[in-house]
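Undergrad: Submitted below is the structure of interest, expressed as structure tokens.
The values are calculated or read from the model by the stated rules, or taken from the named source; none is laboratory data. Only a predicted model underlies this, so the values are computations on that prediction, with no experimental measurement involved. Don't worry about glycine lacking a Cβ; one is built from the backbone with ideal geometry, like all the others, and counts go over all protein chains shown.
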Amino acid sequence: MSAGSAGGAGPVRVAVVGLGWVAREVWLPRLLGGPAFRVVAVVEPSEQARAAALGDLAGVSALERVEDLRRDEVDLAVVAVPNHLHAPVACGLLRRGIPVFLEKPLCLGSAEAAALADAERAGGAVLLGGSAARHRADVRALREVAASLGALRHVDVSWVRSRGIPDRGGWFTNRTRSGGGALVDLGWHLLDTARVLLRGATGDPEGAELEHVTGAVSADFVNDHAFRAAWRGDGAPVDPVVGDVEDTARGFLVTRSGISIGVRAAWASHQALDTTVVRVEGSGGTAELRCTFGFSPNREGPSRLLLTTDGRTTPVELPVEPVGAEYDAQLASLPARLADPAARGEAASGARWIAGAIERVYRAADTVRCAERRHAPVDLVPTGAPR
Ligand SMILES: NC(=O)c1ccc[n+]([C@@H]2O[C@H](COP(=O)([O-])OP(=O)(O)OC[C@H]3O[C@@H](n4cnc5c(N)ncnc54)[C@H](O)[C@@H]3O)[C@@H](O)[C@H]2O)c1
């Protein structure tokens, strides 16, 4: 890597691959907003999206194809393309020796997780994964409290939105391109959070492997425009919109060491607010965090963390953070992660666990639905997932 690369003098030279909502609203403003990064290239097949972004980006090369990115010109590619392209685009970059920060979900299924690990090894460049929730101050506080709860027994993670189905009938609700619905989209954050809590508790990667997984999915809202995520500004609905993914998923997982995990992800519901709950049950007590992950405006009030032991529930004081602070924190951590040899393999290993869990929830849901197939409006198992 040249001067300016991770761990060296000067800013990390970044290429942003995919100029959609998250690149425009989350990553570019942050990358451009400080001295740690310099955006040197953008890659986007849509001419309109390229032109719109370049208005704000002087001296940045705008490419149509990721293959045209030059290894010697970038230190990091920030990849924010539709889900089905995550693993193929990231593998191509990694094999060419270009480090990648890959948005969640890192991959669709365990076969793609293995491909990411192979590409990282083959190219000798690190893969860093989008995992914003663990950078939240309230989640960090929960982890600290969880460490005082004795033996970990159960983690419950749930994120239920009021009206938050992304896009206007494009790739998010198309199973071939998204890999699934709310479980892939919101569930990735939830399972990443659960995994961080598990690892803190077991310290034994083997013990965190999943022994049992079951689940159920439903799609009561996905084709109703009234339940779209208006804050994304995805524009007018494309008619007719026929999504073939779930809007709600519920899973129950048990690790080899006997810890259980409940997961519930819903893009839409009858609730008024978007609510995230992370609950940790240990042999010595319970801690529950109530907040709202992400950027939606239908938020719970300030995050609340409650600790219950011996029949007494007490609030734990939390630092107040602005919406989106976890994305600032995640970005701030990237230069050190890029330079850290211990970061190699970590994202791919997490992706294997999370993608494997998602795959198995879908498979369990599909098994249950087989008997009722004639009533099922859609087939919810992602393409390529073993049945
Ligand atoms: N971490 C988070 O909180 C968060 C939030 C939103 C989205 N995301 C993730 O970011 C990714 C993008 O989401 P979005 O909402 O920005 O989607 P989007 O559809 O708005 O943007 C995707 C962009 O990628 C472009 N693209 C398609 N193929 C490409 C290719 N081969 N090379 C370069 N660009 C290509 C598209 O033209 C589009 O502009 C998704 O995987 C999503 O899950 C993460």
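Undergrad: Only one residue in Thr313, Thr309 is at pLDDT 95 or above and loosely packed, with under 15 Cβ neighbours inside 10 Å. Which one? Walk me through how you get there before you give the answer.
TA: Details: Thr309 fails: loosely packed, with under 15 Cβ neighbours inside 10 Å.
Unique residue meeting the criteria: Thr313.
Undergrad: Identify all residues within the stretch 24-46 that are more than 10 Å from the ligand (Cβ to nearest atom) and in contact (Cβ under 8 Å) with a residue 12 or more places away in the chain; write none if there are none.
TA: Step one: list which residues in the stretch 24-46 are more than 10 Å from the ligand (Cβ to nearest atom), which gives 28-41.
Passing the criteria: Leu28, Arg30, Leu31, Leu32, Pro35, Ala36, Phe37, Arg38, Val39, Val40, Ala41.
Undergrad: Taking the stretch 209-238, which residues are surrounded by fewer than 19 Cβ atoms within 10 Å (Cβ to Cβ), at pLDDT 85 or above and under 22 Å from the mean Cα position of the chain (by Cα)?
TA: Glu209, Leu210, Thr214, Ala216, Ser218
Undergrad: Quick check, is Ala219 more than 30 Å from Val145 (Cα to Cα) and in contact (Cβ under 8 Å) with a residue 24 or more places away in the chain?
TA: On the way: more than 30 Å from Val145 (Cα to Cα): yes; in contact (Cβ under 8 Å) with a residue 24 or more places away in the chain: yes.
Yes; evaluated as a whole, the condition is true for this residue.
Undergrad: Anything in the stretch 67-86 that is within 11 Å of the ligand (Cβ to nearest atom) and either under 16 Å from the mean Cα position of the chain (by Cα) or over 24 Å from Ile354 (Cβ atoms) (or both)? List them, or say none.
TA: First, the residues of the stretch 67-86 that are within 11 Å of the ligand (Cβ to nearest atom): 67-69, 77-86.
Within the stretch 67-86, Glu67, Asp68, Leu69, Val78, Val79, Ala80, Val81, Pro82, Asn83, His84, Leu85, His86 meet the criteria.
Undergrad: For the stretch 138-170, enumerate the residues that are away from the ligand (no atom under 15 Å from the Cβ), farther than 19 Å from Ala266 by Cβ and within 18 Å of the chain's Cα centre (by Cα).
TA: From the stretch 138-170, those away from the ligand (no atom under 15 Å from the Cβ) are 138, 140-158, 160, 162-163; that's our starting set.
Pick out the ones that are also farther than 19 Å from Ala266 by Cβ and you get 138, 140-154.
Result: Asp138, Arg140.
Undergrad: Given (1) closer than 26 Å to Leu28 by Cα; (2) surrounded by 14 or more Cβ atoms within 10 Å (Cβ to Cβ), where does Val320 come up short, assuming only one miss?
TA: For Val320, the exception is condition (2).
Undergrad: Something else: Tell me which residues, restricted to the stretch 249-297, are among the aliphatic types (A, V, I, L, M), within 18 Å of the chain's Cα centre (by Cα) and closer than 20 Å to Pro319 by Cβ.
TA: Result: Val277, Val278.
Undergrad: Return yes when Thr173 is away from the ligand (no atom under 16 Å from the Cβ), of a type in the set (Val, Ile, Thr) and modelled with pLDDT under 95 and no when it is not. Don't jump to the end; show me each part of the working.
TA: Working: away from the ligand (no atom under 16 Å from the Cβ): no; of a type in the set (Val, Ile, Thr): yes; modelled with pLDDT under 95: yes.
Taking the combined requirement at face value, the residue does not satisfy it.
One line per residue, one yes/no per condition, for (1) farther than 30 Å from Phe101 by Cα; (2) of a type outside the set (Gly, Ala, Ser); (3) crowded, with 17+ Cβ neighbours inside 10 Å:
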residue: Leu305; (1), (2), (3): yes, yes, yes
residue: Gln330; (1), (2), (3): no, yes, yes
residue: Arg337; (1), (2), (3): no, yes, yes
residue: Ala348; (1), (2), (3): no, no, yes
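Undergrad: Which residues, counting only those in the stretch 250-265, are surrounded by fewer than 19 Cβ atoms within 10 Å (Cβ to Cβ) and either β-branched (Val, Ile, Thr) or on the phi > 0 side of the Ramachandran plot (or both)?
TA: Val254, Gly258
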